[in-house]
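First comes the structure, then the notes that go with it.
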Amino acid sequence: MNPADTHQHHQHPPQLHREPGQAEALQTLMIEGAGCASCVTKIEKALQAVPGVKSAEMNFADRSVAITGNASSEQLISAVEKAGYNASATAGSADADALEEKEQADEAYYRRLMLNMSIALGVGIPLMAYGLIVGEMNVTTAAERWAWLGVGIVTLGVMIFSGRHFYTGAWQSFRNHSANMDTLIALGTGTAWFYSMVVILLPSLLPELARHIYFEATAMIIGLINLGLALELKARGRTSLAIKRLIGLQPKTAQVVRDGKSIEIAIEQVLLNDIVRVRPGEKIPVDGEVTEGHTAIDESMLTGEPMPVEKGPGNEVVAGSINKTGSILFRATRVGKDTALAQIINMVKRAQNSKPPIGRLADTISAYFVPTVMIIAVLSAMAWLNLGPDPVIAYAIVSATTVLIIACPCALGLATPMSVMVGVGKAAEAGVLIRNGEALQTASKITAMILDKTGTITLGQPKVTDIVLSSSLSEAQVLQLAASLESGSEHPLALAIMDSARDRGLELDQAEHFNAVAGHGIEGTIKGRQLLFGNDKLMTRSKIDYSGYSASAAELAAQAKTPMYFAVDGTLAAVIAVADPIKEDSAAAIARLQKNGIRVVMLTGDNHATAQAVAAQVGIVEFFAEVLPGDKANKVSELQRQGELVGMTGDGINDAPALAMADVGFAIGTGTDVAIESADITLMRGSLHGLADAIAVSKATLGNIKQNLFGAFIYNAAGIPIAAGLLYPWFGLLLNPVIAGAAMAFSSLTVVSNANRLRFFQAQEH
Amino acid sequence: MMLIVNIAGIALIAVIVWWFWLYKPTETVVDDGDVVIVVENGSYQPSHIKLAANRATELHFLRKDPSSCAEMLLLPDLQISETLTLDKPCTIKLPPLEAGEYDFHCQMKMYRGLLIVQ
């Protein structure tokens, strides 16, 4: 069991299977007031007691309950209310609703932070201006004491109104034996306020020179940090734009045909096998298979593939794509969290929160950071008290406060995750799904890339191009026999042979004793005739003389075609050539990789001549031909032994061991029909440009992380000693705590903003 | 006088080291396979949770802290990451776990907790 699959946040209602033609309504209610797990049983029982209800299942995590049966929503809501809870009918996707709630909560928090900031700066700025204009903020006369006492009380009001969350947070963390940014702010501002109050209330404890008031620092720091948090919240919102866009792709309702009637229902209520109607311009609500109508569908939002794809009966459609031209009916095959879109969203979310190894050092530092800063603050105060000039106590207080305030664990902690968030999202926009932070980091450092030929460089849809006869059998007879034999095989070449036979209207026979010989070909019998179909190795193995036709085979191979020998009853009957067209943009994408200094190597099971011809057409110099499927992984490790950091690109199914062996495995998909779980990086579209894009995005993200980490390290490494007064002996420089507050507030904002720059990253034009 | 101040300073440093690094916090024992963890005021409450090994457990996180730092919850060893919506419970179903310690924390490791599986 993959642990990642075991967590659920906004579970969709349990999936119910709907047999075609069966009419059974599914309704979802949202429950309020259910605070414990035992409420679940109570609510379910209350609903099950309603006449017409077949089943009621509650999801405690998101407080939703899925009900099947024919009861009206009014009856259901009233039953829940009688049980002592509130209920409401729901519509819309859980992800979209959660997003909306999060945005509303963020907006409310932003307004609160801005209000905090206005109040604190409203007190702090006049105080600071007074200090700058009038001069020293000292207490000398009794009248001044009373006046400053009033200011002290006002500042306390600011601390309570605008800074309460710092103090409560610091206290709670302290009780839990942990410390965070709140601890530093609470200690810094608290120290400044307490010291000032001691100056006012007990001035005799302090020498005259040290009777300085720091209320302005307390108010200003609280104001600036609230401002920094508010701006950071806005900037953070932008880092998740990509996932918001993906979530937004899913429509909230769907038109479903039930009992001959077209009805509009919430997307959660669409059941498997429902017939869904989509008109031009509408989004596809769930995954399915077209049953009626023809259209062109724009899948670019999911795959990055710009051209709309033609769809007709039997073709798959995926949720989130846009129906462009015709009206279609399709049968729902995957709904709720099973749709490709839901899985993509899930994977992107997971990857956005995973950390590449480069962030581990910062993580370790973060864990020890705050207590270390507290110790530095104490040491700095002690140094001033022991060695500093008069008034030592004032200097000690200023330096300790400034150290506490300037230190910014946030900048360090946010450096990596913010960039990963934007980078992974950016990649998803280009149809590149990155599994986790580690894959992201390794992809940025790849030195060699192995490309599987079939389906990666080529379309993977081979066609029969030539049949060279070598016996009395006709072309149709050869093709009929070969295709009948191949009907037991799933090899792409088999499909080409069968397509060709079908095109000619040939009836296929049942093969017996079918046997696939890995790396050689296939054998079997049809109506008592012994058939062999494969490469020269198979012929040699079976002692078939093919010498007269090896030149023809070589000639075909030199044209990038795959020649195969076909023998009937121990005699060579024909050489059949199949060619797999090279994708239009393979050569350009491979050139992009090579331009980045990546050694590109092609891998194929085909013979040497075919491999050479394909390699030459796409500009690849190095290739491995005639590689048995089981040997692909060995070729990967061969390059690794040469010191290369190896990427392997394949279709994700046949190449699984090689993908796993590579430092980064890239699975290349066609459309959205991809095995998302099979590789480190999944390319949603078939183009190899996705590969170059993936590497470019990884490099850009890693670069961005490095800038952030460097900035955060330098900021703290330089800021803390300066705040402690390290420059004072030489330059007489000691930072004002207000400046430290401003620097701290904007250092984390800088990190988030720098990560946001990645949003504007463009993979090279193609 | 300075001697007292310096001793007080060193004592304060010792208290910081002990309180934040050396102290072993009390653990909340989960015996019914179900625990509610409130994210509030910069911390997880409870933060140290003792679970039975090889038994599935549900963690219900309830975020009451509006700070954006509290938004993300990570359990890196189990490859779990979740966005916690304010005032909305988020249930994480843990598979039966092998004995050991499993960290959970926010994106920046400022909010920290530990699952102790025995």
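The residue that is farthest from A:Asp466 (Cα to Cα), among those in segment A:516-528 that are β-branched (Val, Ile, Thr) and crowded, with 16+ Cβ neighbours inside 10 Å, is A:Ile526.
You will find that of A:Met382, A:Met347, A:Met307, the residue that is within 30 Å of A:Val270 (Cα to Cα), buried (at least 19 other Cβ atoms within 10 Å of the Cβ) and of a type in the set (A, V, I, L, M) is A:Met347 and no other.
Of the strands (runs of 3 or more DSSP E) entirely within segment A:594-672, those holding at least 3 residues that are in contact with a Lys or Arg (Cβ under 9 Å, 6 or more places away or on another chain) and farther than 30 Å from A:Glu316 by Cβ occupy A:622-624. Scanning segment A:335-350 for residues that are of a type in the set (A, V, I, L, M) and within 14 Å of chain B (Cβ to nearest Cβ) gives A:Ile345, A:Met347, A:Val348. The single residue among A:Leu485, A:Leu531 that is touching a strand residue (DSSP E or B) at 6+ places or on another chain (Cβ under 7 Å), in contact (Cβ under 8 Å) with a residue 12 or more places away in the chain and not in a helix (DSSP H, G or I) turns out to be A:Leu531.
Among the aromatic types (Phe, Trp, Tyr), modelled with pLDDT under 90 and surrounded by 24 or more Cβ atoms within 10 Å (Cβ to Cβ) - does that describe any residue in segment A:208-217? Checking segment A:208-217: at least one residue is among the aromatic types (Phe, Trp, Tyr), modelled with pLDDT under 90 and surrounded by 24 or more Cβ atoms within 10 Å (Cβ to Cβ). Going through (1) in a helix (DSSP H, G or I); (2) loosely packed, with under 15 Cβ neighbours inside 10 Å one by one, A:Ser552 falls short only on (2). Number of residues in segment A:146-156 that are farther than 17 Å from A:Ile225 by Cα and surrounded by fewer than 16 Cβ atoms within 10 Å (Cβ to Cβ) equals 6.
Taking segment A:722-738 as the range and being closer than 20 Å to A:Asn386 by Cβ, part of a helix (DSSP H, G or I) and among the hydrophobic types (A, V, I, L, M, F, W, C) as the test, the residues that pass are A:Ile722, A:Ala723, A:Ala724, A:Trp730.
Yes or no: A:Ser173 under 24 Å from A:Leu115 (Cα atoms), buried (at least 24 other Cβ atoms within 10 Å of the Cβ) and of a type in the set (S, T, N, Q)? Considered against the rule, which asks whether it is under 24 Å from A:Leu115 (Cα atoms), buried (at least 24 other Cβ atoms within 10 Å of the Cβ) and of a type in the set (S, T, N, Q), A:Ser173 comes out as no. Among the numbered conditions (1) surrounded by fewer than 20 Cβ atoms within 10 Å (Cβ to Cβ); (2) of a type in the set (Ser, Thr, Tyr); (3) touching a Leu at 6+ places or on another chain (Cβ under 7 Å), the only one that A:Ser321 does not meet is (1). Taken together, A:Ile393, A:Ile405, A:Ile397 contain a single residue that is touching a Leu at 6+ places or on another chain (Cβ under 8 Å), within 14 Å of another protein chain (Cβ to nearest Cβ) and farther than 17 Å from A:Lys699 by Cβ, which is A:Ile393.
Of everything listed in (1) among the small types (Gly, Ala, Ser); (2) within 13 Å of chain B (Cβ to nearest Cβ); (3) part of a strand (DSSP E or B), the single unmet condition for A:Ala332 is (2). Might you let me know whether segment A:424-432 holds any residue that is surrounded by 22 or more Cβ atoms within 10 Å (Cβ to Cβ), within 30 Å of A:Gly190 (Cα to Cα), modelled with pLDDT under 90 and more than 14 Å from every other protein chain (Cβ to nearest Cβ)? No, every residue in segment A:424-432 fails to be surrounded by 22 or more Cβ atoms within 10 Å (Cβ to Cβ), within 30 Å of A:Gly190 (Cα to Cα), modelled with pLDDT under 90 and more than 14 Å from every other protein chain (Cβ to nearest Cβ). Condition check for A:Ala745 on (1) part of a helix (DSSP H, G or I); (2) within 29 Å of A:Ala381 (Cβ to Cβ); (3) hydrophobic (A, V, I, L, M, F, W, C); (4) modelled with pLDDT of 85 or more: one failure, at (4). Does segment A:472-479 contain any residue that is farther than 16 Å from A:Pro563 by Cβ and in a strand (DSSP E or B)? The answer is no; no qualifying residue exists. Quick one: in segment A:280-298, of everything that is more than 10 Å from A:Lys324 (Cα to Cα) and part of a strand (DSSP E or B), which residue is nearest to the chain's Cα centre (by Cα)? Residue satisfying both the conditions and the ranking: A:Asp287.
Which of the residues that make up segment A:502-515 are within 18 Å of A:Tyr565 (Cα to Cα) and either surrounded by fewer than 16 Cβ atoms within 10 Å (Cβ to Cβ) or at pLDDT 85 or above (or both)? Within segment A:502-515, A:Asn515 is the sole residue that qualifies. Report whether or not A:Ile375 is within 14 Å of chain B (Cβ to nearest Cβ), part of a helix (DSSP H, G or I), in contact (Cβ under 8 Å) with a residue 24 or more places away in the chain and within 28 Å of A:Phe713 (Cβ to Cβ). Answer is no for this residue. Here's a check for you: in segment B:69-87, which residue that is part of a loop (DSSP other than H, G, I, E, B) and within 7 Å of chain A (Cβ to nearest Cβ) is modelled with the lowest pLDDT? Within segment B:69-87, the match that is modelled with the lowest pLDDT is B:Gln79. Among the residues of segment A:130-158, those that are touching a helix residue (DSSP H, G or I) at 6+ places or on another chain (Cβ under 9 Å) and among the small types (Gly, Ala, Ser) comprise A:Gly131, A:Gly152, A:Gly157. Please verify whether A:Tyr546 is touching a residue at least 24 places away in the same chain (Cβ under 8 Å), aromatic (Phe, Trp, Tyr) and surrounded by fewer than 21 Cβ atoms within 10 Å (Cβ to Cβ), treating the condition exactly as stated. When the stated conditions are applied, A:Tyr546 passes them. Every condition in (1) hydrophobic (A, V, I, L, M, F, W, C); (2) touching a residue at least 24 places away in the same chain (Cβ under 8 Å); (3) out of contact with any Ser or Thr (no Cβ under 9 Å at 6 or more places or on another chain); (4) at the interface with chain A (Cβ under 9 Å from one of its Cβ atoms) is met by B:Leu97 except one, and the failing one is (3).
The values are calculated or read from the model by the stated rules, or taken from the named source; none is laboratory data. Every value quoted in this text rests on a predicted model; they were computed, and no experiment measured them. All Cβ positions, even for glycine, are placed from backbone atoms using ideal geometry, and neighbour counts span all protein chains on display.
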